[in-house]
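Student: One structure follows; several queries about it will come next.
None of the figures in this text is laboratory data; all of them are computed from the coordinates on show. Keep in mind the model is a prediction, meaning the values are calculated, not measured. With ideal geometry, Cβ positions are generated from the backbone for all residues, glycine too; neighbour counts draw on all protein chains shown.
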Amino acid sequence: MEAFTGDALTVSVEPYGSNPQDVGLYIDLNNDGNYATSELYASAYNVMYSTGGTTLTFDAPNAVGDYNMRIISGYSTATSTYNFVDGCTMNNT
């Protein structure tokens, strides 16, 4: 994906299976290999394949260079919601 600062970007997410999922999109802006909470650029909750998934929309960051992007997901239930801790961890509350 190539973008310029401030460009509106979209990423489509269609999780497999019949269970709803919470998804988060991270961009590793400091290129340290870790995806910090501050690097969460978009999220969506209760995303399902059967409803066509979701589109995450966000503005390109004010940063020059090449960066890695990561999308994580976790099952969502009627009694709990995932909180995004970082690009590798989600807490079920």
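Student: Are there any chymotrypsin sites (Phe, Trp or Tyr not before Pro) in the stretch 1-43 that are in a DSSP loop and have at most 13 other Cβ atoms within 10 Å? List them by number.
Tutor: The qualifying sites are 4, 16.
Student: Going 7 Å from the Cα of residue 68 in the Cα-to-Cβ direction, what parts of the stretch 3-35 have a backbone nitrogen less than 13 Å from that spot?
Tutor: Backbone N within reach: 26-35.
Student: Note down the net charge around residue 69, summing +1 for each Lys or Arg and -1 for each Asp or Glu among other residues with Cβ under 10 Å from its Cβ.
Tutor: Details: positive: 70; negative: 28, 39.
Here the count lands on -1.
Student: What list of ³J(HN,Hα) couplings, whole Hz, do you get for the stretch 46-60 from phi and the Karplus terms 6.51, -1.76, 1.60, once you set θ to phi - 60° and write x for glycine and proline?
Tutor: With the stated coefficients, the stretch 46-60 comes to 6, 7, 10, 4, 5, 9, x, x, 8, 10, 8, 10, 7, 8, 4 Hz.
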